[in-house]
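The values are calculated or read from the model by the stated rules, or taken from the named source; none is laboratory data. Treat the numbers as computed from the prediction; the structure is a model and nothing was measured. Neighbour counts are summed over all protein chains in view; Cβ atoms, including those assigned to glycine, are modelled from backbone coordinates with ideal geometry. The accessibility values were calculated without ligands, DNA or RNA, using every heavy atom of the protein model including side chains. Shrake-Rupley method; radii C 1.70, N 1.55, O 1.52, S 1.80 Å.
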Amino acid sequence: MASLSRMTGHAVHRMAPEDREALARELFAVHSQIFAGLDYQAFRGYVVNRDSWRTWIYTKHNAAGQLVGYTALHFFRMQVEGRPCTVLRMEAGTLPAWRGRDLTMVHGLLRLMRVWLNEPWRPFCIFAALTHPSSYTHLSHYAPVVWPHAQRPEMPPRILGILEELAGAFKLQRVYPENPLIRRVDWITLESAEERARWTTSRRPDTRFYVDRNPGFAQGHGLATYIPVNGLLIVRAMARFLVGRAGTLARVLFGHAPAASGEQPALVQRATKKVAHPRHPEFAHTRPPSL
């Protein structure tokens, strides 16, 4: 019977240096099967040894105890628009056979809620430079507010200013001098030409929006993305995720998904006129290899 990946949380900010090193080497062995562009030293500095206020890394293991993926959450305390702010940055990678078979987003949202509840008066946001259409499609579907967005193509000057400020703070260089949203990240998802063509020819509005705005994603270019965070938005995102993924998770839990032999569990193949509906077959391709 297929099963959900087993999740283990690591409070990296509390770990001894030798334990961090061991964790980094274990993660890089999986990371290098999913991404190109970073050597071990760069990966360790980017994912494990960040200068963040708090870092939690969730590792995913199959029933045999083998590592199949990870999600890293880095919380930074910094000044944004001249005010103290908490900024979350994320990295994630999962082997293809295990995408969509875990509750990573639930763990992540619960962690966000705990951090927000600690200081609910403090501005809080997620900042990402997304290097693959799957990551943007996933976030734009579940997050109640995302900038930029296909339905809000015109960026408010304030939001554009925040993105510019955050990209500068994290030393993400512009790819094109005239475009503040496209940044050099150098994370490249390993995928076949057929898989890449599936994304670039997708009919989903949010996927098309990402590909049109960031056609160089295959070269490691990232689309600067801003998501405001508060308690209400976290609850709405959790509800969207649980409703949208209920069928898939139920089939995995109760044995109607494929066995863990390398095949991904499929979403319901129900015909529908709305391509953006989470049960449309095309939505099965939005399980992100990375955030």
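Please identify the pairs in which a residue from region 207-231 that is over 17 Å from residue 166 (Cβ atoms) and in a loop (DSSP other than H, G, I, E, B) has its Cβ atom under 6 Å from the Cβ atom of a residue that is acidic (Asp, Glu) and open to solvent by 10 Å² or more (accessible area, probe 1.4 Å), counting only partners at least 6 apart or on another chain.
Cβ pairs passing all conditions: 220/186.
Return yes when residue 30 is under 29 Å from residue 236 (Cβ atoms), crowded, with 19+ Cβ neighbours inside 10 Å and not hydroxyl-bearing (Ser, Thr, Tyr) and no when it is not.
Numbers: under 29 Å from residue 236 (Cβ atoms): no; crowded, with 19+ Cβ neighbours inside 10 Å: yes; not hydroxyl-bearing (Ser, Thr, Tyr): yes.
Answer is no for this residue.
Kindly list, by first and then second residue, each pair from a residue in region 166-180 that is closer than 19 Å to residue 228 by Cβ to a residue that is surrounded by 16 or more Cβ atoms within 10 Å (Cβ to Cβ) and charged (D, E, K, R), limited to pairs with Cβ atoms under 7 Å and residues at least 6 apart or on different chains.
167/183; 180/174
Among the residues of region 41-60, which ones are of a type outside the set (A, V, I, L, M, F, W, C) and surrounded by 14 or more Cβ atoms within 10 Å (Cβ to Cβ)? Step through it out loud before you land on a result.
Going residue by residue through region 41-60, those that are of a type outside the set (A, V, I, L, M, F, W, C) are 41, 44-46, 49-52, 54-55, 58-60.
The answer is 44, 46, 49, 50, 52, 54, 55, 58, 59, 60.
Quick check on this structure: which one of 203, 184, 152 is farther than 24 Å from residue 84 by Cβ and either touching a strand residue (DSSP E or B) at 6+ places or on another chain (Cβ under 6 Å) or hydroxyl-bearing (Ser, Thr, Tyr) (or both)? First the steps, then the outcome.
Numbers: 203 fails: either touching a strand residue (DSSP E or B) at 6+ places or on another chain (Cβ under 6 Å) or hydroxyl-bearing (Ser, Thr, Tyr) (or both); 152 fails: either touching a strand residue (DSSP E or B) at 6+ places or on another chain (Cβ under 6 Å) or hydroxyl-bearing (Ser, Thr, Tyr) (or both).
So the residue among 203, 184, 152 that is farther than 24 Å from residue 84 by Cβ and either touching a strand residue (DSSP E or B) at 6+ places or on another chain (Cβ under 6 Å) or hydroxyl-bearing (Ser, Thr, Tyr) (or both) is 184.
Might you let me know whether region 54-70 holds any residue that is within 17 Å of residue 170 (Cα to Cα) and either in contact (Cβ under 8 Å) with a residue 40 or more places away in the chain or touching a Leu at 6+ places or on another chain (Cβ under 9 Å) (or both)? Show your work before the answer.
Initial filter on region 54-70 (within 17 Å of residue 170 (Cα to Cα)): 54-55.
Then keep just the ones that are either in contact (Cβ under 8 Å) with a residue 40 or more places away in the chain or touching a Leu at 6+ places or on another chain (Cβ under 9 Å) (or both); that gives 54-55.
Among the residues of region 54-70, at least one is within 17 Å of residue 170 (Cα to Cα) and either in contact (Cβ under 8 Å) with a residue 40 or more places away in the chain or touching a Leu at 6+ places or on another chain (Cβ under 9 Å) (or both), which makes the answer yes.
I'm checking my understanding of the structure. Among residues of region 2-18 that are in contact with a helix residue (DSSP H, G or I) (Cβ under 9 Å, 6 or more places away or on another chain) and over 22 Å from residue 185 (Cβ atoms), which one is modelled with the lowest pLDDT? Give the derivation first.
Residues of region 2-18 in contact with a helix residue (DSSP H, G or I) (Cβ under 9 Å, 6 or more places away or on another chain): 2-5, 7, 9-10, 12, 15.
Next, from what is left, pick out any that are over 22 Å from residue 185 (Cβ atoms): 2-5, 7, 9-10, 15.
Values: 2: 46, 3: 52, 4: 57, 5: 63, 7: 81, 9: 86, 10: 91, 15: 94.
Within region 2-18, the match that is modelled with the lowest pLDDT is 2.
Among the numbered criteria (1) aromatic (Phe, Trp, Tyr); (2) at pLDDT below 90; (3) under 29 Å from residue 42 (Cβ atoms), which single criterion is violated by residue 217?
The one condition residue 217 does not meet is (2).
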